[in-house]
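To keep things clear, I will list the structure first and then write my remarks on it.
The values are calculated or read from the model by the stated rules, or taken from the named source; none is laboratory data. Note that this is a predicted model, so its numbers are computed, not measured. Please note: Cβ atoms are built from the backbone with ideal geometry, for glycine as well, and neighbour counts cover all protein chains shown. Surface areas here come from the heavy atoms of the whole protein model, side chains and all, with no ligands, DNA or RNA. Shrake-Rupley method; radii C 1.70, N 1.55, O 1.52, S 1.80 Å.
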Amino acid sequence: MGGSWKIDRERCLRCGACVSVCPADALELTEQGIFWIKERCTFCGICAKMCPAGAIEVKR
Amino acid sequence: MRDVIIVGAGPGGSSVAKELALRGYDVALYEKRQEIGAPKRCGEGLSSSSIERLNLKIPRHCIRENIKGAIVYAPNGKSVEISFDRVVGHILERKMFDKWMAEEAARAGAFVRAKTYIKELLFENGKVCGVRGTFEGEEFEERARVVVGADGVESKIGKMAGLKIRSNPQLMDSGYQYEMANVDLEHRGYLELYFGNSIAPRGYVWIFPKGKDVANVGIGIAGDHDRPAKSYLDDWITTKPGIRKGSILEVNAGGIPVGGFLKNMVTDNFLLVGDAAHQVNPIHGGGIAESITAGRIAASVIDEALQKGDTSARTLDKYNKVWWKERGEKLRKIEKLREVVEEMDDETLNFLASELSGRDLMEFTRGNRLGKLAKILMKKPGLVLLARKLL
């Protein structure tokens, strides 16, 4: 499974909404912002739809 | 070894910490952000009935505005006014309110510390026995008899403890908000809510006033939309010259749990409180009162368990039982209402605005008078199926 996952750190407000819906536990909210765990990501795109700021882009 | 470690200093975590510290336990409350209460992920409303029920003595500096009612706008612009001759709620300053709650915990004797990031739970024989975190770049480990996860909608602690807390995207709203100054508020002291599937699909736009010309202007929409909440809100603001002219003081965002309450919120030596356990009113998205209520239930269950010297899942299960009886069953009813409202097209919303009084709307948000709503829906043959879902 492959694809790309991108976050626009200027738009991201570190709210953690994406983390709460990630079915693969591939996202974490740390003090430095959203942390993406590539090995776990299934590129399903649920995080991108949830993001209130439209800061995440997922392609598969 | 502490008695209790609480992860997350929102209203839920601070309530647990205060209640247990007052009972004489050795309690630590850790917050990952550098400032408790900021940035907020909240519209900041809290009803007077919740404040009375919880007997909160909120200091004046935490309150920005007194609320006397609400005006609800249907998609066709028709409005329903809910008006009272007394104060029925407040818009808070969460930054101040959350700090006050943490102060209360500290005053009661809890050890409170911001900028402390809890990375992992510690386990012994498969059971939670403490936390591992960092503070000022130094890693530390601390053991506790009970750990409480009050770490918000993105709760990591809950997942680590093995609880099924991941939210289905249908049960998580996507929220975006600007705190704005120099806006024209036509109805000072009134909440304004705007419904319509093109304005806010499966949600609404809100104006929560924080004074004569300051307000939280926000939106909550279903979390599985292709267009982001921000873009819907920006579009709506463009149509409102009195809002559009305002300045932006803060930008807020967040996921709002609007259902999917957890049957089980405990495991051995561990329980979950607040947004982490989806303890939010599914129709208006308010979570402050729910978190404090749950926090107090959790504290008294933990107290009993510590006294017994048995903090196993079987003992802590009382938290599940009491919460479901006192709040869960009610919230589940409100969740059903939300499911019904989400299915309404603009025509149905307009129809309801012409049939319902402000008082009805207010009772609905508390899970009351749903039979009346069902009856009105039954008047239209096309809505009978929808009405049945409420019964």
Self-check item: Carbon and sulfur %, accessible surface of region B:336-388 computed with the full protein complex present, 1.4 Å
Solution: 53
Exercise. For residue B:389, list the lysines whose Cα falls under 27 Å from its own Cα; do not include residues on the same chain fewer than 8 positions away.
Key: B:78, B:164, B:263, B:321, B:325, B:330, B:333, B:336, B:372, B:375, B:379, B:380
Quiz item: Per the Kirkwood formula on distinct C-alpha pairs, the Rh of region B:64-211 is how many angstrom?
Solution: 19.5
Exercise. Determine the calculated [θ] at 222 nm for chain B from helices alone, applying -39500 (n - 2.57) to every DSSP H run no shorter than 4 residues and normalising by the residue count; nearest 500 deg cm²/dmol.
Key: -9500 deg cm²/dmol
Self-check item: Cβ charges +1 (Lys, Arg) and -1 (Asp, Glu), total dipole of the protein assembly as shown, debye
Solution: 820
Practice problem: Within 10 Å of each Cβ in peptide A:40-47, how many partner chain Cβ atoms are there on average? Round it to a whole number, please. | Solution: 1
Practice problem: Beyond 23 Å, what share of the Cα-Cα pairs of region B:218-351 is found? Please give it as a whole percent. | Solution: 49
Self-check item: Fraction of antiparallel bridges per DSSP, region B:1-125 only, in percent to nearest 5
Solution: 65
Self-check item: Cα centroid separation, region B:261-315 to region A:13-57 (Å)
Solution: 26
Quiz item: Taking N as the number of residues in chain B, what is its alpha-carbon radius of gyration divided by 2.2 N^0.38 Å?
Solution: 1.00
Quiz item: Which aspartates and glutamates does residue B:230 reach when only Cα atoms under 16 Å apart count, and residues fewer than 8 places away in its own chain are ignored?
Solution: A:8, A:10, A:57, B:173, B:179, B:250
Self-check item: Cβ-derived FRET efficiency at R0 22 Å, residue B:238 paired with residue B:184, nearest 0.05
Solution: 0.90
Exercise. Find which of B:264, B:36, B:137 sits farthest along the positive direction of the dipole of chain B, computed with +1 on the beta-carbon of Lys and Arg, -1 on that of Asp and Glu, about the Cα centre.
Key: B:264
Quiz item: What average number of partner chain Cβ atoms lie no more than 10 Å from the Cβ of the residues making up B:222-234?
Solution: 4
Quiz prompt | Cα-centred dipole magnitude for chain B, charges only on beta-carbon of K, R (+1) and D, E (-1), debye, nearest 20 | solution = 880
Self-check item: Per-residue average of Cβ from other chains inside 10 Å of A:7-19
Solution: 5
Quiz item: Among B:128, B:96, B:228, whose Cα lies farthest out toward the positive end of the dipole of chain B, if unit charges sit on the beta carbon of Lys, Arg (+1) and Asp, Glu (-1)?
Solution: B:128
Quiz item: What is the projected area of the convex hull of the Cα atoms of chain A, averaged over all directions, in nm²?
Solution: 3.5
Self-check item: For region B:336-388, alpha-carbon Rg over 2.2 N^0.38 Å
Solution: 1.02
Exercise. Select from B:155, B:231, B:300 the residue whose mean-square fluctuation is largest in a Gaussian network model of chain B (Cα-Cα springs shorter than 10 Å).
Key: B:231
Practice problem: Mind jotting down the three principal axis lengths of region B:28-100 based on Cα atoms? Whole angstrom, largest first. | Solution: 49, 28, 19
Quiz item: Under a straight-distance cross-link criterion of Cα-Cα below 19 Å, which lysines are reachable from residue B:32, leaving out those fewer than 8 residues away in the same chain?
Solution: B:18, B:40, B:95, B:99, B:115, B:119, B:156, B:159
Quiz item: So which cysteines of the protein assembly as shown have no other cysteine's Cβ under 4.7 Å from theirs?
Solution: A:12, A:15, A:22, A:41, A:44, A:51, B:42, B:62, B:129
Quiz item: Considering only DSSP beta bridges whose two residues both sit in chain B, what percent are antiparallel, to the nearest 5?
Solution: 75
Quiz item: To the nearest 500 deg cm²/dmol, what mean residue ellipticity at 222 nm is calculated for chain A from DSSP H runs of n ≥ 4 alone, each contributing -39,500 (n - 2.57), summed and divided by the residues?
Solution: -3000 deg cm²/dmol
Quiz prompt | Size-normalised alpha-carbon gyration radius of the protein assembly as shown, reference 2.2 N^0.38 Å | solution = 0.96
